Amino acid sequence: MIEFYYYRIRVIAAEQGLLEEAGTKRDTANRLDVLREWTISHNRLREARYLTYFRIGLADNNAEDLEVLQEFLRIISTTNHPVEEAQTRLDLARCMIRSKGLQLRGEAQEHIRKVEKLFLMEEHVFGVLDLRDMQLREEKNSTNLKDILDRKLQYAEAYFKRACYQQGIRCLIFAVPVSHDMDEVSQKT
């Protein structure tokens with residue numbers, strides 16, 4: 001797993017402009033695929049889940065991400081790892097919604113129902129919050145910014161109450177879209 005951190009550092013360096021970003025992310029995605037295969041073959045499924053989570057979005061190819069997640073879901077759903085299965089289904093639903101295909105939207109809703117059921121069954125509070133946050137992000141075009149911010153503040157407060165500060169801060173950072181026009185921001189909030 002040390003190799004995972006090496007590649008994570010490389011991606012961060014690329015995002016900071018120290019390495020060529022697209023090539024570094026593509027190389028990292030390819031190497032993570034190899035590491036995922038190895039962890040899966042050695043039944044180290046929680047580690048495989050972290051590698052899968054980090055892998056998603058690196059190549060900026062939603063179809064490829066869907067394929068990776070569907071493959072991992074086939075494996076994880078046959079084991080006794082309900083939280084990892086729910087997290088994988090949540091990522092899969094995100095990718096399906098992003099693809100904007102009507103056929104995939106129905107599948108995404110089915111995954112969301114299963115995610116909620118798994119998280120509630122496992123009493124996984126953070127997972128339910130992650131699900132609510134994802135649903136809010138996906139409906140951002142039909143909800144005004146003030147309502148989005150109010151709900152994001154509620155979610156962040158719930159994360160903070162459970163000492164999950166990183167996720168609470170992340171929730172707030174991405175609460176509203178970035179705009180350099182302050183008049184537009186003040187009009188929308």
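Here, each number is a calculation from the coordinates, and none is a lab measurement. Keep in mind it's a predicted model, so treat the numbers as computed, not measured. Note: ideal-geometry Cβ built from the backbone for every residue, glycine included; neighbour counts use all protein chains shown.
What is the calculated FRET efficiency for D147 to N62, with r their C-beta to C-beta distance and R₀ = 35 Å, to the nearest 0.05? Numbers along the way, then the final one.
Values: r = 27 Å, r/R0 = 0.78.
E(calc), rounded to 0.05, equals 0.80.
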_Rounded tilt (10° steps) of 102-121 against the dominant C-alpha axis of the chain_ = 80 degrees
*asked:* Given points 7 Å out from each Cα along the Cα-Cβ axis, report the V34 to E110 separation in nanometres with one decimal.
replied: 3.6 nm
*For the residue pair A22 and R8, what label-to-label distance in nm results when each label sits 7 Å from Cα along the Cα-to-beta-carbon direction?*
2.7 nm
*Taking the dipole about the Cα centre of the chain, with the C-beta of Lys and Arg at +1 and of Asp and Glu at -1, give me whichever of L104, L58, T78 is farthest to the positive side.*
T78
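Which value in Å is the Kirkwood Rh of segment 16-98 over different Cα pairs?
Numbers: mean 1/r = 0.0765 Å⁻¹.
Over segment 16-98, the inverse of the mean reciprocal pair distance is 13.1 Å.
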_Using Cα springs under 10 Å in a Gaussian network model of the chain, which residue among D33, D150, D65 shows the largest mean-square fluctuation?_
D150
*segment 126-179 - Rg over Rh from alpha carbon coordinates, Kirkwood radius*: 0.95
*Quick one: what are the phi-derived ³J(HN,Hα) couplings along segment 45-54, Karplus 6.51/-1.76/1.60 with θ = phi - 60°, whole Hz, x for glycine and proline?*
6, 5, 5, 4, 5, 5, 5, 5, 4, 5
*How about segment 1-46: which GluC sites (Glu not before Pro) there lie in a loop by DSSP and see at most 13 other Cβ atoms within 10 Å?*
E20
*asked:* For L19, what residues show an amide H to amide H distance below 5 Å, using hydrogens built from the backbone and excluding near sequence neighbours?
replied: A14
